[in-house]
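In what follows, a single structure is set out as structure tokens and then discussed.
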Amino acid sequence: MNELLNIQSISKNFDGIKALDQFSCSVREGEILGLIGPNGAGKTTLFNVLTGFISGDEGKAYFQGKNIISKSPHQIYDLGISRTFQRLRLIRQMTVLENVLLGFQKQTGENLIDLIIKQKQMISKEKENRGQAIQYLESVGLKDKMNNLAGDLSYGQQKLVSLVCCLVSEPTLLLLDEPVAGINPAMMDQILSIIEDQSGSGKTVVMIEHNMDVVSDICQRVIFMDMGKNISEGTPEEVKNDPKVIEAYLD
């Protein structure tokens, strides 16, 4: 598989504490890569640096050959990288459909010129986006909830909506932060099936996960992080049996 993302020696300090310490790895096209490690290992910090929500202190990350470090979140999003968050960022007072519609890239009505001179095009595009959003919700079994407030859904359903919000932008790379944590087994199976479908259709997924059974079932490759470093990488079985990983979990 070809390389999609190349991360080179990224470091990030918070008040003298190293959240990322010369972290490097590569991500291949079409794979599902698992990021595992104890709390505080730097996994979410890595996602935040890669998506422009915080700036790294040093290092580079090349996505399809372009260095994305120092780019803004919306620039990175427009390049084809979408993500979820541990703390869901749905707007609870808006409907499910309205939340999903916010996920579309480069919407026609986002600037004043479009509003003035491109009204017909804007209306047509909004109609198209609405139709696609409804199709996505129908495909995951949430069409009947599309007019419900996001805050009224169960936690598992909110996680599913959050994933749909990422998918509608048709990203090349999905960064998923604990996508199945805290949900019931049936919803977990549904979300994992959707993630596998993304890889099957050529998209690339990097997911942070603590459940090793999930990681072993869905990830072709795993990276174990600790203290901001890449400690071990390989197949789930190789990483699970690596003495460095066993030692880190026992300490």
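The values are calculated or read from the model by the stated rules, or taken from the named source; none is laboratory data. All of these numbers come straight from a predicted model, not from anything done at the bench. All Cβ positions, even for glycine, are placed from backbone atoms using ideal geometry, and neighbour counts span all protein chains on display. Quick note on the areas: whole protein, heavy atoms, side chains included, nothing else; ligands and nucleic acids left out. Shrake-Rupley method; radii C 1.70, N 1.55, O 1.52, S 1.80 Å.
When 43, 12 are screened for being under 17 Å from residue 219 (Cβ atoms) and of a type in the set (Lys, Arg), only 43 passes.
Residues in region 204-213 that are in contact (Cβ under 8 Å) with a residue 40 or more places away in the chain and either part of a strand (DSSP E or B) or more than 19 Å from residue 167 (Cβ to Cβ) (or both): 204, 205, 206, 207, 208, 210, 212. Note on region 142-189: residues that are more than 18 Å from the chain's Cα centre (by Cα), part of a loop (DSSP other than H, G, I, E, B) and under 16 Å from residue 99 (Cα atoms) total 6.
Conditions tested, residue by residue: (1) in contact with a Leu (Cβ under 6 Å, 6 or more places away or on another chain); (2) without any contact (Cβ under 8 Å) to a residue 60 or more places away in the chain; (3) within 19 Å of residue 160 (Cβ to Cβ); (4) in a strand (DSSP E or B).
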| residue | (1), (2), (3), (4) |
| --- | --- |
| 192 | no, yes, yes, no |
| 199 | no, no, yes, no |
| 222 | no, no, no, yes |
| 233 | no, no, no, yes |
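The numbered conditions (1) more than 19 Å from residue 140 (Cβ to Cβ); (2) open to solvent by 30 Å² or more (accessible area, probe 1.4 Å); (3) not β-branched (Val, Ile, Thr) are all true for residue 184 except (1). Among the residues of region 73-92, those that are at negative phi and either modelled with pLDDT under 90 or in a loop (DSSP other than H, G, I, E, B) (or both) comprise 84, 85, 86, 87, 88, 89, 90, 91, 92.
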